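Just so you know, all these numbers are worked out from the coordinates, no wet-lab data involved. What you see is a predicted model, and the numbers here were worked out from it, not measured in a lab. Backbone-built Cβ (ideal geometry, glycine too); neighbour counts: all protein chains shown.
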C-alpha cells in the first residue's frame, strides 16, 4: 500500500485523508444509528403501559429520556404534562415536535460530510490525473531537444495519473454507498419516531382530560 501511495505522488494525500475521514464517519454512524439507540421496538408500548393511569414520576421520565432518541421524544411529552397538567394539546404537540427536530438533526449528523467526500473524491482523483498528465508532457518537452524520452519520468507521470484516478473512485464509491444506506436508515427512523410521537400525543391528550 505504501508503495502505491509513493508511486501516486503527492496528489494522493488529500484522498488518503478523505478515506480515513470517511471510514471514521461510517464507523461512527454505524454505532450511533443502532436500533437500540434510536427506536427500540417495545419502548412505545412500555411508555404507554406505565402511563395508563397517570404520568410517571420524574425519575422514570429521566430514565426514559436517557434510553434512546425515541425515549427523548416520549419523555418530552411527559415533561410537558408534569410541568403543566392543564397544558393544551397544541402546547403538548409543540413540545414533542421541538424535541423531535433536535433528535432528527442529531440523527442526520455527519451525513453531509460523507456526501461531500463521495462527491469530492472523484474530483481529487481527476486533479491527480491532471497532475500526472502535466508531468508526462513535461517529461516529453524536457527531452524533445535530445531526440528521445525519459522512460522514468514518463512512467512516473502515468502512475500518478492512473493511481489517483483509481484511488479517487475507491474512496468515492463506498462513501456514496454508505451515504445512501445511512440516508435511508435515518428516513426510516424519522418515520418511526413521527408515527410513535403521534400515537403517544393522542394517548397523553386523553390522559390530560382524565
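General remarks:
- Helix 111-142 axis versus longest C-alpha principal axis of the chain: approximately 0°, rounded to the nearest ten.
- Crossing angle, helix 89-107 versus the chain [Cα axis fit, 0-90 degrees, rounded to tens]: 20 degrees
- Normalised by 2.2 N^0.38 Å, where N is the number of residues, the alpha-carbon radius of gyration of the stretch 1-87 equals 1.90.
- Helix axis angle, 151-209 relative to the chain longest principal axis, alpha carbon, degrees: 10 degrees
- In nm, spacing of pseudo-spin labels at residue 84 and residue 20 (7 Å Cα→C-beta vector): 5.1 nm
- P(r) histogram, all alpha-carbon pairs of the chain included - 10 Å bins from 0, percent: 8, 25, 19, 14, 12, 10, 7, 4, 2, 0
- Ranked by the mean number of other Cβ atoms within 10 Å of their residues, highest first, the peptides 14-22, 99-107, 28-36 fall in the order 14-22, 99-107, 28-36.
- Distance from the stretch 34-58 to the stretch 154-183 (C-alpha centre basis), Å: 45 Å
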